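Accompanying notes for the structure given below.
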Amino acid sequence: MIKEFLLQDWESELRFLLDSLENENGQQNNTAAGDDEMAQMAREKITAIYGEEGLEKDYSALVGAREVPVIPGTGTKTLTFDTAKELSKGIGCYIRSDKKSEQQFWPLVKRVTISLPKSPALLEGIVLVDLPGAGDVSKCRSDMWKECLSQCSSVWIVSEMNRALSEKEADEIFDTSLRTIAGGGECHNVTFICTKTDIINPREIKA
């Protein structure tokens with residue numbers, strides 16, 4: 001497993017996160033739903049790296065903080081696991097909020113690449129890319145998913161059933177996919193996958 005970190009990109013993202021929190025504090029009564037989600041994400045990322053006290057500090061104090069996780073100077077880190085269980089346990093703090101881990105790296109991670117040994121059960125040459133989505137506040141990761149779409153032969157957009165038709169991130173990914181197809185990109189098909197179908201009342205759908 002190879003992890004690539006944001007390095008210098010984190011400082012610009014940190015400034016954006018702090019601006020999101022400042023805007024929320026100044027417009028508490030006139031905040032749109034999208035702004036609320038952005039502010040919540042900002043709180044989660046800052047807390048993951050700097051702790052709860054990080055929410056009370058300004059940009060200069062956070063940039064100079066020594067408590068942040070140590071990132072290799074090369075910007076990458078390679079780990080090897082013998083079993084899927086070990087991989088699942090070791091990858092948590094790099095891809096999501098993992099309270100069981102002493103340190104949280106996920107806000108600082110640009111990309112995680114997982115390679116498996118050759119196996120007859122796996123199709124050769126198949127690469128699955130789990131993109132962060134259109135709603136990620138990191139410009140680096142936002143640019144990355146758009147670039148990846150132009151290289152994908154198939155795109156799967158996964159969304160909860162009750163939000164599939166209204167989720168703006170899914171619409172943006174769909175529109176971008178169509179533009180790459182029209183522009184001669186590698187994408188040949190786009191598929192919507194709806195989860196949590198058990199929470200939908202069939203009578204409401206028929207109506």
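Of note:
- Unmet criterion (only one of (1) among the hydroxyl-bearing types (S, T, Y); (2) at pLDDT below 85; (3) over 17 Å from the mean Cα position of the chain (by Cα); (4) open to solvent by less than 80 Å² (accessible area, probe 1.4 Å)) for T83: (2)
- Flag for V63 being modelled with pLDDT of 80 or more and either more than 19 Å from the chain's Cα centre (by Cα) or surrounded by fewer than 16 Cβ atoms within 10 Å (Cβ to Cβ) (or both): yes
- Close contacts from the range 188-200, counting a first residue that is of a type in the set (V, I, T) and a second that is open to solvent by 80 Å² or more (accessible area, probe 1.4 Å) and not in a helix (DSSP H, G or I), with Cβ to Cβ under 6 Å and a gap of 6+ residues or different chains, come to T191/W156; I193/W156; I193/V158.
- Test result for N30, in a helix (DSSP H, G or I), at pLDDT below 85, over 17 Å from C93 (Cα atoms) and open to solvent by 60 Å² or more (accessible area, probe 1.4 Å): no
- So D58, is it charged (D, E, K, R) and open to solvent by 90 Å² or more (accessible area, probe 1.4 Å): yes
- Of F174, F192, all but one fail to be closer than 30 Å to L14 by Cα and modelled with pLDDT of 75 or more; the exception is F174.
- Test: K100 is open to solvent by less than 40 Å² (accessible area, probe 1.4 Å) and among the charged types (D, E, K, R): no
The values are calculated or read from the model by the stated rules, or taken from the named source; none is laboratory data. As the structure is a prediction and not an experimental result, all values here were calculated from the model. All Cβ positions, even for glycine, are placed from backbone atoms using ideal geometry, and neighbour counts span all protein chains on display. Keep in mind that these areas ignore ligands, DNA and RNA; they rest on the heavy atoms of the full protein, side chains included. Shrake-Rupley method; radii C 1.70, N 1.55, O 1.52, S 1.80 Å.
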